[in-house]
Amino acid sequence: MSAHDTPQQIQHDAAEGLEQILHRKEPLKPKERMAIPMQKMPTQDPQIRRDNMQEVAMGYFPEQAKLESMRCLQCKTAPCVKGCPVGIDIPGFLAAAAEGDFQRSIGIIKQSSLLPQVCGRVCPQETQCQEHCTVGKSLKDVNQAVSIGRVERYVADWEREHGVQAPSVKAPTGKRVAVVGSGPASITVAADVRREGHEVTMFEAFHKPGGVLLYGIPEFRLPKAIVQKEVESLQAMGVEIKTNFVIGRTRKLLDLMKKDGYDAIFIGTGAGLPKFMNIEGENLVGVFSANEYLTRSNLMRAYDRERADTPIFKSKKVAVLGGGNVAMDSARTAVRLGADEVHLVYRRTEVEMPARVEEVAHAKEEGVIFHILENAKRIQGNEYGLVTGMECVRYELGEPDASGRRRPVEIPNSEFMIEVDTVIVAIGNESNPLIRQTTPGLDVNKWGNITVNDDGKTSLPGVFAGGDIVLGAATVILAMGEGRRAAASINQMLSTN
Amino acid sequence: MHKIILKKQLSADVYMLKVYAPLIAEERSPGQFIILQLDSDFGERIPLTIADADTEQGTITLIFQVVGKTTTRLAALNEGDAIANLVGPLGKPTHIEKFGHVVCVGGGIGVAPLHPIVQGMKKAGNRLTVIMGARNKELLILEDEMRALADELILCTDDGSYGRKGLVTAPLKELCEQTPPPDLAVAIGPPIMMKFCAETTRPYHVHTVVSLNTIMVDGTGMCGGCRVTVGDETKFVCVDGPEFDGHLVDFDNMMQRLKSYKTQEQEAPHPCKLNQQIENMNR
């Protein structure tokens, strides 16, 4: 584990570096741009942040945002843009940021993305825009690519601090659109549809809007105040939000049209049905889905044991199963809730982990113990039904499978026990059955995901869908991209009839 | 916000609230429940069954027992006060049809969720025997309502202060021994009661429906905290239930899961004494 760089040191280095460049008369040559050191993200000291819920990554200093943007070679072909699911003009916003024109920079991002504060924090940039970055390729390390996401976050935060202008809304059209769910896909649709002057009502099953941004992603990675701001800006545009409203139960989906007179519906309910391993002992006391564990901590604020009524399991030794962002979030939440040991068990290797590189690094810094090429086989309990241990088995990598990743193969007779009192299962979600079970005629695929055409249209007229309920479990930016497409399609439909 | 229209204390710890919730009143069916929360920031979400609904008034009836912090606070609310968050109706409705002779068994507060099911079964033309049990006379609720619906009403108290002295399983067994036995049994109450009702009917092959009230957070399938073992499968009470085949439910696992947080509060967990007592009585 490398020593923690203090924010003061990072700022000092950046200020010096920037000073040298600003003294130059002639513009930077590509080689000189590439020689600028990649700007590290200032973070809270791991020893301190283990005990708090505050954001780990503190965001760039202005000097860093400029320097990092100067690393961009402004490639004519802009390979980075091809890696962005919503096609942000990345060289454009970086050029503006390099000049220190943060207002123009965020303006460029917002032409294509609605949630830059969120995406700047949670996008897996190293497998999207940054994967294709020429700088990273030349330096033969994707982690040395221009930190596009960090600059995005900087300019988005800059805008929030300097006052966001509410997007203008066109004159009322008299058309009404129901948006089901309030996560990233739904927020995008609500904003894009409302802008065209249509009335928008958003329906959320929980008591607070924000979806996975609220219940899933922890405060230390995405402060809830940011989500709150995004929701408030929707309300400022005139979007009505109805919480405690389960479509399929409180109201059937099609009744929104038949009884309530909505002209179009967007379904963005996400992928809320946790998968389990289907192994012995999975219903013992102390085994949780990551959804439950994180919802208790995040939405229900169980981490605040003094004030919250919702309890959360007190654990000494925790095993988290999975290698994605949700697994990292669960492991790091368990650390913060006071577990002595947190083990992360993943059956492939770190290279195949779907989690963001930064989250993996942060988890390790916080003391999460990684077990790669291992998997849970059985969970053991005592006479009270409490978890006492987990039997694991070792794996090795075999031939590549359909996903191109090498298939993990169980090593015979390699079983061993680890002593744990808590197991958190973070191996993904299936599609929630509530809407499909109560909406005849809504086509779904064999996994229960709603099928849509290229315009986000479902099999039912006037009903659109997007985000994880269509994609299966994916990312915020993909959900947002889907939302954009569906919103365009809804606006198109409403303008022609 | 959902305004409390009427409040009534049914027994020492049991309260009835009529709450304004027109959409839920319109959509709900027997067997379904709601989740409520009194404070959006730090309150917990608790599931409560819907005991009745009035679509004209736009109200639903909730009956609950004071057992924890939220129910204590709920019991302190008065007519005119409002409940901040109320969501529903959740869960799958009861499967109601004309089965013939239906025995409905309600224990303690379980009589509340049983009430709309009895109403539905009656409407469908079933002959109804209702067995109601409680620790003592004081804790029996909805007696008049059930008397009005049931073809036969059997009351049991543990202490013999009213009706038959003893557990609800005794009259249930007698009914199962009749020829023909009942076509269906529905048992709702404490898990231990449901477990022993299911054990009582099992030898007679009387299909027995139980309604489970487990730990839940969202109530829409998202968290999986409510999962129970039914046969060889894991089911979610919120979206697959709350009603299941009582002969297939792993009640022991369910009871352990219900105590997930209670056992942690105590220093050392101990096996349920009541469980032991009832097992002894059944020997």
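Read the figures in this text as sums done on the coordinates, not as results from a lab. In this text, all values refer to a predicted model and were calculated from it rather than measured experimentally. Glycine gets a Cβ as well: all are built from the backbone with ideal geometry, and neighbour counts include every protein chain shown.
What shape does segment A:275-428 take by its C-alpha gyration tensor, where a ≥ b ≥ c are the square roots of the eigenvalues and a/c under 1.5 counts as rounded, a/b above b/c as prolate, and the rest as oblate? Oblate is the answer for segment A:275-428, as a/c is 1.5 or above yet b/c matches or exceeds a/b. Peptide B:253-261 shows a mean partner chain C-beta count of 5 within 10 Å per residue C-beta. Net charge dipole, chain B: roughly 320 debye, given to the nearest 20, about the Cα centre with Cβ charges of +1 for Lys and Arg and -1 for Asp and Glu.
In this structure, the pairs whose alpha-carbon distance is over 32 Å, taken from A:Lys229/A:Lys317; A:Lys457/B:Lys18; A:Lys364/B:Lys235; A:Lys316/A:Lys377; A:Lys242/B:Lys8, are A:Lys229/A:Lys317; A:Lys457/B:Lys18; A:Lys364/B:Lys235. Working from Cα pairs under 8 Å separated by at least six residues, relative contact order for segment A:275-428 is 30 percent. When only alpha carbons are used to place a centre, segment A:10-39 and segment A:256-306 end up 46 Å from one another. Magnitude of the charge dipole for segment B:1-66, about its Cα centre and with charges confined to Cβ atoms of Lys, Arg (+1) and Asp, Glu (-1), is about 160 debye.
Between the residues A:Ile36, A:Thr127, A:Cys75, the greatest Cα displacement towards the positive end of the dipole of segment A:7-162, with unit charges on the Cβ of Lys, Arg, Asp and Glu, is found for A:Cys75. Shielding value for A:305-312 is 5, the average number of Cβ atoms from other chains within 10 Å of each residue's Cβ.
Partners of A:Lys29 within straight-line reach, counting lysines whose Cα lies under 19 Å from its Cα and excluding those fewer than 8 residues away in the same chain: A:Lys66, A:Lys76, A:Lys137. A simple rule links phi to the HN-Hα coupling: the Karplus curve 6.51 cos²θ - 1.76 cosθ + 1.60 with θ = phi - 60°, which for segment A:42-48 gives x, 10, 5, 4, x, 5, 7 Hz, with x for Gly and Pro.
When the alpha-carbon atoms of segment B:101-257 are used, the pair Rg, Dmax equals 15.3, 45 angstrom. Would you work out if segment A:432-497 is rounded, prolate or oblate? Take a ≥ b ≥ c from the square roots of the eigenvalues of the alpha-carbon gyration tensor; rounded if a/c is under 1.5, else prolate when a/b is larger than b/c, oblate otherwise. Oblate, because a/c is 1.5 or more while a/b does not exceed b/c.
Packing around the peptides B:202-211, A:322-331, taken as the average count of other Cβ atoms within 10 Å per residue, puts them in this order, highest first: A:322-331, B:202-211. What does the C-alpha gyration tensor say about the overall shape of chain B? Classify as rounded when a/c is under 1.5, otherwise prolate if a/b is larger than b/c, or oblate. Verdict is rounded for chain B. For each pair in B:Lys98/B:Lys137; A:Lys208/A:Lys259; A:Lys170/B:Lys3, compute the distance between the two Cα atoms and list the pairs where it is over 28 Å. Violating the 28 Å Cα-Cα cut-off are B:Lys98/B:Lys137; A:Lys170/B:Lys3. Across segment B:211-224, coupling constants 3J(HN,Hα) worked out from phi with the 6.51/-1.76/1.60 Karplus curve, θ = phi - 60°, read 10, 9, 10, 10, 5, 9, 10, 8, x, 10, x, 7, 9, x Hz, and Gly and Pro carry x.
Residues whose amide H lies under 5 Å from that of B:Ala53, counting only those 5 or more places away or on a different chain, are B:Thr61; hydrogens are built 1.01 Å from N in the peptide plane. Distance between the C-alpha centers of segment A:425-497 and segment A:64-89? Whole Å please. The two parts, judged by their Cα centres, are 30 Å apart. DSSP bridge analysis restricted to the protein assembly as shown gives an antiparallel fraction near 50%, rounded to the nearest 5. Considering the protein assembly as shown, its Cα convex hull presents a mean projected area of 36.2 nm². Amide H contacts of B:Val249 (H built 1.01 Å from N, in plane; Pro and chain starts excluded): B:Gly231 sit under 5 Å, all sequence-distant by 5 or more or on other chains. Based on DSSP H segments of at least four residues, each scored -39500 (n - 2.57), chain A has a per-residue ellipticity at 222 nm of -10000 deg cm²/dmol. Ranked for footprinting exposure by Cβ neighbours inside 10 Å, fewest first, B:Val105, A:Val285, A:Val179 give A:Val285, B:Val105, A:Val179. In this Cβ point-charge picture (+1 for Lys and Arg, -1 for Asp and Glu), the protein assembly as shown has a dipole of about 1040 debye about its Cα centre. Ordering A:Ala191, A:Tyr215, A:Ser489 by Cα displacement along the dipole of the protein assembly as shown toward the positive end leaves A:Ser489 in first place; charges were set at the Cβ atoms of Lys, Arg (+1) and Asp, Glu (-1). Counting Cβ atoms of other protein chains within 10 Å of each residue's Cβ and taking the mean over peptide B:37-44 gives 6.
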